[in-house]
Amino acid sequence: MLDTKQVLSFFIFVTLSAASFSAAQTYGERDAVLLEEFIYQSAPFPSCHAVSLVETSRGTLMATWFGGYAEGHKRVGIWTAKRENGKWSPPIEAANGLQEDGNYLPCWNPVLFQPKDGPLTLYFKVGPNPADWWGEMMISEDDGTTWKNRKRLPNNGIGPVRCKPTEMTDGRILCPSSDEKGGVWLTHMETTDAKGEKWERGVPLHSKEEAQTIQPTLMPFKDGRILMLCRDRNNNGNIWQCWSSDNGKSWGKFSATALPNPNAGVDGVTLADGRLLLIYNHTRRESKNPDEPAGRTMLNLAVSDDGKVWKAVCILENTPKAEFSYPAMIQTKDGLVHVAYTWKRQLMKHVILDPKKIRGIPMKDGQWPE
């Protein structure tokens, strides 16, 4: 763990960083942005990543992420915070990777989920790396204050690998998941019930020759269709898509969208008015034009009426040589949209949006408008 001097230096650094974050280069339709804030400004860890958001059954907004010395370090744990009365609580470590032999393994990609008729659930991964990790879960019966019944997922389950599950009207909970074994990226679905007692792991939805995708996000329609969008492994690839027409019981073929992807995670939500809202890095991993953003330096919002044609909403972040990544997004019962994402691997940023003010500017061939 860090010594006192290291922690103090980090506190000073993030405090200065927090004071200057509003100067980040941004442009576009930002009328919908109501609030921008950090979930915390000091913590007993220097690095963080992979945030997830949930509204609990009591109406509390809660976030989780992994934090520690650096991604993949053995003492990386799962941290949580709650937002009540307009303020975030200090980060609390909910889980770590302590094994029975006394050694630690790193924790990864936590996901919070609140079933309609089940306990608040925290899914996360434990293991030396994404190729060899496994899924675990815990539940909370006191609004995320304490956690219990930690267990490894059965049937070789990974759980929702990065983005939130979707609860269907028949009680099935669809967990979008993926594997990275043997250098091959394959997306699959896992299904459970509200209490996480039953677990079924589906087969890969594509072959390695057809696609190389991971970390799917699901956006359901009222007519039983579901749009799945995935991260693409190719350095200068695109966001990939797959459709289901029967509430996720079967899936069609994967294909590339017009939206670029720099080998980075995306997330989406179906708004109450039926539109789809997407948060992603509208960049390539590498750019031949030095004036064009590349990698995870720019974070964008796009909106669609049908999941096929996307309109540009705004740019939330745009800072050269910085990283803004692994976003999470939900719509709460009050109608507002909450977004969170990794801010330079140092902090977690939270943004509140008013969906009534989200309009969108047409994009041509996936190009962000000037």
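The values are calculated or read from the model by the stated rules, or taken from the named source; none is laboratory data. Owing to the predicted nature of the structure, the values given are computational and were not obtained by experimental measurement. Heads up, the Cβs are rebuilt from the backbone with ideal geometry, glycines too, and the neighbour counts pull from every protein chain shown.
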Restricting the search to segment 142-172, which residues are in contact with an Asp or Glu (Cβ under 6 Å, 6 or more places away or on another chain) and either farther than 17 Å from PRO110 by Cβ or in a loop (DSSP other than H, G, I, E, B) (or both)?
GLY157, CYS163
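Do we have any residue at all in segment 243-257 that's at pLDDT below 95 and either over 17 Å from the mean Cα position of the chain (by Cα) or surrounded by 22 or more Cβ atoms within 10 Å (Cβ to Cβ) (or both)?
Start the filter on segment 243-257 by keeping residues that are at pLDDT below 95, which leaves none.
No.
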Name the single residue that is surrounded by the fewest Cβ atoms within 10 Å (Cβ to Cβ) among those in segment 167-183 being under 22 Å from VAL266 (Cα atoms) and either touching a Ser or Thr at 6+ places or on another chain (Cβ under 9 Å) or among the aliphatic types (A, V, I, L, M) (or both).
MET168
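Has segment 336-359 got any residue that is outside any strand (DSSP E or B) and small (Gly, Ala, Ser)? Write out each step before concluding.
Taking segment 336-359 and keeping what is outside any strand (DSSP E or B), we get 336, 344-346, 354-359.
Pick out the ones that are also small (Gly, Ala, Ser) and you get none.
Within segment 336-359, none of the residues are outside any strand (DSSP E or B) and small (Gly, Ala, Ser).
From the list CYS230, CYS175, CYS242, pick out the single residue that is closer than 23 Å to SER140 by Cβ and assigned to a strand (DSSP E or B).
Numbers: CYS230 fails: closer than 23 Å to SER140 by Cβ; CYS242 fails: closer than 23 Å to SER140 by Cβ.
Selected residue: CYS175, the only one of CYS230, CYS175, CYS242 that is closer than 23 Å to SER140 by Cβ and assigned to a strand (DSSP E or B).
Among the candidates ASN149, ASN96, ASN85, which residue alone is in contact with a Cys (Cβ under 7 Å, 6 or more places away or on another chain) and free of Cβ contacts under 8 Å to residues at least 24 places away in the same chain? If you could, list the steps in order and put the result at the bottom.
Numbers: ASN149 fails: in contact with a Cys (Cβ under 7 Å, 6 or more places away or on another chain); ASN85 fails: in contact with a Cys (Cβ under 7 Å, 6 or more places away or on another chain).
Just a single option satisfies the conditions, and that option is ASN96.
Assess whether PRO293 counts as being farther than 21 Å from MET189 by Cα, modelled with pLDDT under 95 and crowded, with 21+ Cβ neighbours inside 10 Å. Step through it out loud before you land on a result.
Working: farther than 21 Å from MET189 by Cα: yes; modelled with pLDDT under 95: yes; crowded, with 21+ Cβ neighbours inside 10 Å: yes.
Criteria met by PRO293.
Could you please find all residues in segment 228-238 being surrounded by fewer than 22 Cβ atoms within 10 Å (Cβ to Cβ) and either of a type in the set (D, E, K, R) or under 19 Å from the mean Cα position of the chain (by Cα) (or both)? Steps first, please.
To start, the set of residues in segment 228-238 that are surrounded by fewer than 22 Cβ atoms within 10 Å (Cβ to Cβ) comprises 233-238.
The answer is ARG233, ASN238.
What number of residues in segment 320-334 are crowded, with 21+ Cβ neighbours inside 10 Å and free of Cβ contacts under 8 Å to residues at least 12 places away in the same chain? Break it down into steps so the answer makes sense when it comes.
Applying the first criterion (crowded, with 21+ Cβ neighbours inside 10 Å) to segment 320-334 yields 324-329.
Next, from what is left, pick out any that are free of Cβ contacts under 8 Å to residues at least 12 places away in the same chain: none.
Result for segment 320-334: 0.
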Confirm whether LEU186 is over 25 Å from ASN234 (Cα atoms), in contact with a strand residue (DSSP E or B) (Cβ under 8 Å, 6 or more places away or on another chain) and surrounded by 18 or more Cβ atoms within 10 Å (Cβ to Cβ).
no
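Looking at GLU286, GLU317, can you tell me which residue is buried (at least 23 other Cβ atoms within 10 Å of the Cβ) and farther than 30 Å from LYS116 by Cβ? Walk me through how you get there before you give the answer.
Values: GLU286 fails: buried (at least 23 other Cβ atoms within 10 Å of the Cβ).
Matching residue, one of GLU286, GLU317: GLU317.
Inspect segment 104-111 for any residue being assigned to a strand (DSSP E or B), at positive phi, surrounded by 15 or more Cβ atoms within 10 Å (Cβ to Cβ) and not acidic (Asp, Glu) and give the result as yes or no. Break it down into steps so the answer makes sense when it comes.
Initially, segment 104-111 is screened for residues assigned to a strand (DSSP E or B), giving 104, 107-111.
In the following step, the residues that additionally are at positive phi were identified as 109.
Remaining after also requiring surrounded by 15 or more Cβ atoms within 10 Å (Cβ to Cβ): 109.
Of the ones still in play, those that are also not acidic (Asp, Glu) are 109.
For segment 104-111, residues assigned to a strand (DSSP E or B), at positive phi, surrounded by 15 or more Cβ atoms within 10 Å (Cβ to Cβ) and not acidic (Asp, Glu): present.
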I need the full set of residues from segment 184-222 which are among the charged types (D, E, K, R), outside any strand (DSSP E or B) and in contact (Cβ under 8 Å) with a residue 12 or more places away in the chain, in order please.
ASP193, LYS195, LYS208, GLU210, LYS222
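Quickly run through segment 346-364 and pick out the residues that are crowded, with 16+ Cβ neighbours inside 10 Å and either closer than 15 Å to HIS282 by Cβ or within 16 Å of the chain's Cα centre (by Cα) (or both).
Result: LEU347, MET348, LYS349, HIS350, VAL351, ILE352, GLY360, MET363.
Matching residues to (1) surrounded by fewer than 23 Cβ atoms within 10 Å (Cβ to Cβ); (2) on the phi > 0 side of the Ramachandran plot; (3) aliphatic (A, V, I, L, M):
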site: THR64; (1), (2), (3): no, no, no
site: GLN99; (1), (2), (3): yes, no, no
site: SER140; (1), (2), (3): yes, no, no
site: GLY144; (1), (2), (3): no, yes, no
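Does ALA256 satisfy the condition of being assigned to a strand (DSSP E or B), among the small types (Gly, Ala, Ser) and closer than 20 Å to HIS206 by Cβ? It would help to see each step written out before you state the result.
Working: assigned to a strand (DSSP E or B): yes; among the small types (Gly, Ala, Ser): yes; closer than 20 Å to HIS206 by Cβ: yes.
Judged against the criteria, ALA256 is a match.
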